[in-house]
1. Mind listing whichever residues of region 236-259 are of a type in the set (Gly, Ala, Ser) and either open to solvent by less than 50 Å² (accessible area, probe 1.4 Å) or under 12 Å from the mean Cα position of the chain (by Cα) (or both)?
2. Take the residues in region 75-97 that are part of a loop (DSSP other than H, G, I, E, B) and without any contact (Cβ under 8 Å) to a residue 40 or more places away in the chain; name whichever of them is most open to solvent (accessible area, probe 1.4 Å).
3. Among the residues of region 54-69, write down those that are part of a helix (DSSP H, G or I) and in contact (Cβ under 8 Å) with a residue 40 or more places away in the chain.
4. In the set PHE303, PHE299, which member is touching a residue at least 12 places away in the same chain (Cβ under 8 Å) and touching a strand residue (DSSP E or B) at 6+ places or on another chain (Cβ under 6 Å)?
5. Given the conditions (1) in contact with a helix residue (DSSP H, G or I) (Cβ under 6 Å, 6 or more places away or on another chain); (2) at pLDDT 95 or above; (3) open to solvent by 10 Å² or more (accessible area, probe 1.4 Å), and given that PRO233 satisfies all but one, which numbered condition is not satisfied?
6. Please state which of the following conditions ILE72 fails to meet, knowing it meets all the rest: (1) under 30 Å from VAL365 (Cα atoms); (2) outside any helix (DSSP H, G or I); (3) among the β-branched types (Val, Ile, Thr).
7. Restricting to helices (runs of 4 or more DSSP H) lying wholly in region 101-188: which have 2 or more residues that are among the polar types (S, T, N, Q)?
8. Regarding LYS220, is this residue more than 20 Å from PHE181 (Cα to Cα) and either at pLDDT below 95 or open to solvent by 10 Å² or more (accessible area, probe 1.4 Å) (or both)?
Amino acid sequence: MNEYIFPSIDALQKELLLFASLCFIIGSVDDVIFDAMWIAHSVKRKLLIYSRYDRAIVENLPPSDQNQPLAIFVPAWREAAVIGGMLRRCLDQWSHKNYRIYVGCYPNDNATIAAVAAEANRVENIRIIICDHDGPTSKADCLNRLWRALCRDEILESTSYKAIVLQDAEDLVHPMALQLFDYLIDRASLVQIPVIPRRASQSMWVAGHYGDEFAEMHGKQMVLREALGVSIPSAGVGCAFRRDALGKLSAQTRGKPFDAASLTEDYELGLNLTDGEARGIFARLKDQQGQWVATQEFFPDNFEDAIKQKSRWMIGIALSGWDRLGWKKCWRENWMRLRDRKASFAAIILALAYVAMLLTGLLYVIGLTGIYQPHPLSSLLKTMLVFNAFFLVWRLAIKGYFVFALYGLREALWSIPRTFVANIINILAAKRALTQYFQILAGAPAKWEKTNHFYPKMDEVKQLRATNNVRRKP
């Protein structure tokens, strides 16, 4: 029996190592080329621009020539525990006064309605919009209801809004964010500011890995996308859409600019609004205290919610996004879309690589017993493994750099072991995403699943700022 089992395990291990190594090399070469382009772009800006001009800060931006109000859309389903704190912070800290907050609630969610009403009774620029049917529905469905309410208000009040800003109920919004949106939206169809994940001290691993990923995504990837002149995806929060651009899309979609059939309607909307000659801006500015003008929020802090959220991203961007958005004639655009869509496939390769590692350990133990001696690795496979080791060190170093720049040395060091946690989450999310995607192909409707989150109390926010704050630079 052993004469068949052990050679089969040996052969399977070699095949998995070869396949995974080849795929990793292809993906790593793509990453290194992207990294090199970002490094060249950063050096060019530092030598040719920042050596001659001071870096802009948000306080020095001139006021917009167009005195039009901004609309902030906040969809809310079962957000009674967080929506009140979010609204209070916005009302108390925003220095920009020409805005109105539209909060979308559901008739079967009395607790959230009551929490929003408590804040709306204090001020005039909060509007409670009740959806036409019971919740939960998709985020896009709620946003479309808010859009219809805004269009009706424009008619009744003989006014026109300049932009629609998207925020979530758990967001920590920078006090100067509206000034930045108000200034830049005159020049683009979409303005996206960085999203900075925050975590409580007890969620170092699951919630912490979001910080690692977003530090690199919004510190490098989005920056180079804008430099390459390709479309800019929206993150769904901390983003502003120009009113007339959204209105044109609404006319084409029968008054529903947010696609309720998509699980990542924000990502698709950003690409659609900034495609072609339309412009998208990814704005990375600091205030005079050295803090990024960004949206900070608390991501899932447990495996179940993280897997649920990431599987939704994979379906919407990598799987259904392939079907819904297709490809373009521009090689730069297709390159960025390919990079967006390779996440679920990379997770599958990771799973095969982990199986190969387990088989390697098993064969090593079997070899020690003398029952069976595994065949040595070929010189080609050894060379591929060496290259992959180099690429792994490079990848960890690049990620660590961006985590260090945003959170400091401690989090940069933790980002190395957190890579394993992120890989496990991505593998399980890919499995879940593929299962749901095949169900969609079989005719099942796309199901939008809400993830749980929390919003800290004011004293907890102050403590987090002191102990786990975004790193400041002089």
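The values are calculated or read from the model by the stated rules, or taken from the named source; none is laboratory data. The model shown is predicted, which means the values in this text are computed figures rather than measured ones. Every residue, glycine as well, gets a Cβ built from its backbone with ideal geometry; the counts of neighbours run over all protein chains shown. Side chains are part of the model used for accessible areas, which takes the heavy atoms of the whole protein and leaves out ligands, DNA and RNA. Shrake-Rupley method; radii C 1.70, N 1.55, O 1.52, S 1.80 Å.
1. Quick first cut of region 236-259, residues of a type in the set (Gly, Ala, Ser) only: 236, 238, 240, 245, 247, 250-251, 255.
Scanning region 236-259 gives GLY236, GLY238, ALA240, ALA245, GLY247, SER250, GLY255.
2. Of all residues in region 75-97, those part of a loop (DSSP other than H, G, I, E, B) come to 76-82, 94-97.
Those still in the list that are without any contact (Cβ under 8 Å) to a residue 40 or more places away in the chain too: 80, 97.
Numbers: ALA80: 44, LYS97: 140 Å².
Residue satisfying both the conditions and the ranking: LYS97.
3. The initial filter retains those residues of region 54-69 that are part of a helix (DSSP H, G or I), namely 58-60.
Listed by number, the residues that qualify are VAL58, GLU59.
4. Values: PHE303 fails: touching a strand residue (DSSP E or B) at 6+ places or on another chain (Cβ under 6 Å).
Exactly one of PHE303, PHE299 is touching a residue at least 12 places away in the same chain (Cβ under 8 Å) and touching a strand residue (DSSP E or B) at 6+ places or on another chain (Cβ under 6 Å), namely PHE299.
5. (2)
6. Condition (1) is where ILE72 drops out.
7. Working: elements: 110-120, 139-157, 177-184.
In region 101-188, the matching helices (runs of 4 or more DSSP H) lie at 110-120.
8. Numbers: more than 20 Å from PHE181 (Cα to Cα): yes; either at pLDDT below 95 or open to solvent by 10 Å² or more (accessible area, probe 1.4 Å) (or both): no.
Considered against the rule, which asks whether it is more than 20 Å from PHE181 (Cα to Cα) and either at pLDDT below 95 or open to solvent by 10 Å² or more (accessible area, probe 1.4 Å) (or both), LYS220 comes out as no.
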